[in-house]
Amino acid sequence: MTRIRVLFGLAGLSMAVGLWMALTAPPDNLQGEYSRLINIHVPSLWLAFLAFGVTAFGSVMWLIRKRPRWDRLAASSVEVGVLFTGIGLITGMIWGQAVWGTPWDWGDPRLASTAVMFFVYLGYMALRAAIDDPISRARRSAILGVVAVVQVPLVYFSVNLFRTIHQTQSVRPDGSTMPNEMLVAMLVNVFAFTVLYVALMAARIDLAIAEEAAHGEEALAGGAVKPPKITGIRDV
Amino acid sequence: MAHRGFILFGLGGVIALVIAITVTGISNNLTYYLYPTEAVDQKADFPDGERFRLAGLVVEGSLTETGDALNFDVTDGGATVAVVLTNTPPPLFDENAPVLVEGAWDDGIFRADSAIIRHDENYSVPEDGNYEGADD
């Protein structure tokens, strides 16, 4: 447990630094204060790409090694990734309404492909919840985890491949299109969200192991990694 | 085993199909919007009333109001198109702003009923601490 507390402590610390930098960075000449949203929007989607990449990795490793740790890694990573894709979409919509004048456009390739990615990984979670046999569940979600990761480069490069409303990258190999104060703030937040990802993964995997122990799961695959069921008045 | 394999294959196929449809749908609409030079070049392909989207910069000094509509010119450095916007513009709309308007040709001018700001990837710090949009 201490390891997880340390991780969350580090995450909290770096997020606090990131927040402070986001609030003290200069506003943008055209967008004003709304440019600060980039410090949540970009790190959230970075985290989602990282998470879905880890899922693909865990999926491949499970298919090769058939050890439960890889299955657990893949499934836990999807949960975190879906959450932060959602946060990225919502912060994007808030920003879009303020700066573009519209929160969404289905015709825009970046927006549409991100939404599809969100729903595909929601489908991953539904798939896991629907299959009782651990090995079958692990195998099917592993295949999905590998196939679905192709969306990550598709979403990322959509702004370069097609004509979009969403702007192209502000950070490229040959430099950035942001003033240094804004860029540093954003990168600090990317780092902070990465630490948060590690902390959330550690906690989620621990929880999955505890769930498996309670249910006596088979030793070749992980548990379902379902969102918690709320039991209340009626026991469904 | 065979049953499982089929389901896996089917699932993978569905995902591939979704992605293929998305990519095809997007690439068919590759001319998602036209810049003024292209719009003028392709004027024959878009008869009056056929909707498309036009993107460019609002020409400084071209913005006027007549009744309920806004009149302005949109340029990409090459051609310039006269636009009449019959709806409310977005909050950050102004001269020199990058806009994306939707509408159709109407006898040489572009009659638009919606406009959004098409913000690019560039950011800049206000030089004197004040910034555009502060008073909006």
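The values are calculated or read from the model by the stated rules, or taken from the named source; none is laboratory data. Predicted model, so just to flag it, every value in this text is computed and none were measured. Using ideal geometry, Cβ is built from the backbone for each residue, glycine included, and neighbour counts are taken over all protein chains shown. Side chains included, ligands, DNA and RNA excluded: accessible areas come from the protein's heavy atoms. Shrake-Rupley method; radii C 1.70, N 1.55, O 1.52, S 1.80 Å.
Of A:ALA199, A:ALA126, A:ALA48, which has the largest mean-square fluctuation in a 10 Å C-alpha GNM of chain A?
Top of the fluctuation ranking is A:ALA126.
Magnitude of the Cβ-charge dipole of segment B:45-120, K/R +1 and D/E -1, about the Cα centre, nearest 20 debye?
Details: 4 positive and 15 negative charges, 35 e Å.
In debye, rounded to 20, segment B:45-120 gives about 160.
What figure, in Å² to the nearest 10, do you get for the accessible area of A:TRP46 with a 1.4 Å probe and non-protein molecules left out?
That residue has around 100 Å² of solvent-accessible surface.
Would you mind checking which residues have amide H under 5 Å from B:PHE110's amide H? H placed 1.01 Å from N; only 5 or more apart, or other chain.
So B:PHE110 has HN proximity to B:ALA82, B:VAL83, B:VAL84.
Can you pull the accessible area of A:ILE87 for me, 1.4 Å probe, Å² to the nearest 10?
Only protein atoms counted, so the area is about 60 Å².
For A:TRP20 and A:ALA129, calculate 0.36 nm times their separation in residues minus their Cα-Cα distance, and state this gained length in nm to one decimal.
Separation in residues times 0.36 nm, less the Cα-Cα distance, equals 35.3 nm.
Could you pull the accessible area for A:ARG172 with a 1.4 Å probe, rounded to 10 Å²?
Taking all protein chains as shown, A:ARG172 has close to 90 Å².
With a 10 Å cut-off between alpha carbons and a GNM built on chain A, which of A:ASN160, A:ASN29, A:ASN39 moves the most?
A:ASN29
Could you work out the helix-only [θ] at 222 nm for chain A, with each DSSP H run of four or more residues adding -39,500 (n - 2.57) and the total divided by the number of residues, to the nearest 500 deg cm²/dmol? Write out the running numbers ahead of the final one.
Details: 7 runs with 167 residues, N = 236.
Rounded to the nearest 500, the figure is -25000 deg cm²/dmol.
Rounded if a/c is under 1.5, else prolate if a/b is larger than b/c, else oblate: which is segment A:1-96, with a ≥ b ≥ c the root eigenvalues of its Cα gyration tensor?
Details: a/c = 3.78, a/b = 1.83, b/c = 2.07.
Oblate, since a/c reaches 1.5 and b/c is not below a/b.
Can you compute 3J(HN,Hα) from phi for each residue in segment A:6-21, using the Karplus curve 6.51 cos²θ - 1.76 cosθ + 1.60 with θ = phi - 60°, rounded to whole Hz and x for Gly and Pro?
4, 4, 5, x, 4, 4, x, 4, 5, 5, 5, 4, x, 5, 4, 5
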